[in-house]
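Asks: Quick one: the structure is below, questions incoming.
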Amino acid sequence: MLNCWLVAMWFWAVGHFRQYAWIRRSHSLRGYIPHFGYAERTGWRWMRTVEYVPPKGRRWTRDDFVIAFNGHYIVRHYRLMSIRRWATKEQAIADVYFGGVR
């Protein structure tokens, strides 16, 4: 039985605290419980995240006590596509929502 915070802190410690531990609101439980993960660079334009997530549909059973659970690991690989700098917040928002319209 582990939880996502323990797993994220373990990966962060094994990486000598050089990469990133992150937090977000949980997708389940209406976001009331924080969810933790670990991210690291794996090359010049690549990044990997590791999450430990609870089993689906088994909340309040022996497999999932919300705080401690027998979950599984999710590893996602991301590739950086581009980097753009903008002078104003409005330009940055336009880039996010409209694809770089100046």
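Bear in mind that the values in this text are calculations on the coordinates, not laboratory data. As the structure is a computational prediction, the values presented were derived from the model and not from experiment. Counting neighbours? That spans all protein chains shown, and the Cβs are built from the backbone with ideal geometry, glycine included.
Asks: Work out the length of the dipole vector of segment 1-53 about its Cα centre, built from +1 on the beta-carbon of each Lys and Arg and -1 on the beta-carbon of each Asp and Glu, and round it to the nearest 20 debye.
Replies: 200
Asks: Sticking with this structure for a sec: Taking Cα atoms, how many degrees apart are the long axis of helix 4-14 and the longest axis of the chain, rounded to 10 and kept between 0 and 90?
Replies: 70
Asks: For the chain, which chymotrypsin sites (Phe, Trp or Tyr not before Pro) are in a loop by DSSP, counting at most 14 other Cβ atoms within 10 Å?
Replies: Phe17, Tyr32, Trp44, Trp60, Phe65, Trp86
Asks: While we're here: Dipole size in debye (nearest 20) for the chain around its Cα centre, Lys and Arg Cβ +1, Asp and Glu Cβ -1?
Replies: It works out to roughly 260 debye.
Asks: Let me ask you something else. Give the share of C-alpha pairs in each 5 angstrom bin for the chain, from 0 to the last occupied bin, in whole percents, shortest bins first.
Replies: Final binned percentages: 2, 11, 16, 17, 14, 15, 11, 8, 4, 2, 0.
Asks: Name the most mobile residue of Gly37, Gly71, Gly57, meaning the one with the largest mean-square fluctuation, in a Gaussian network model of the chain with Cα contacts below 10 Å.
Replies: Gly57
Asks: To continue, here is another question. Exposure proxy check: Ser82, Ser28 ranked by fewest other beta carbons within 10 Å?
Replies: Listing Ser82, Ser28 from fewest to most nearby Cβ atoms yields Ser82, Ser28.
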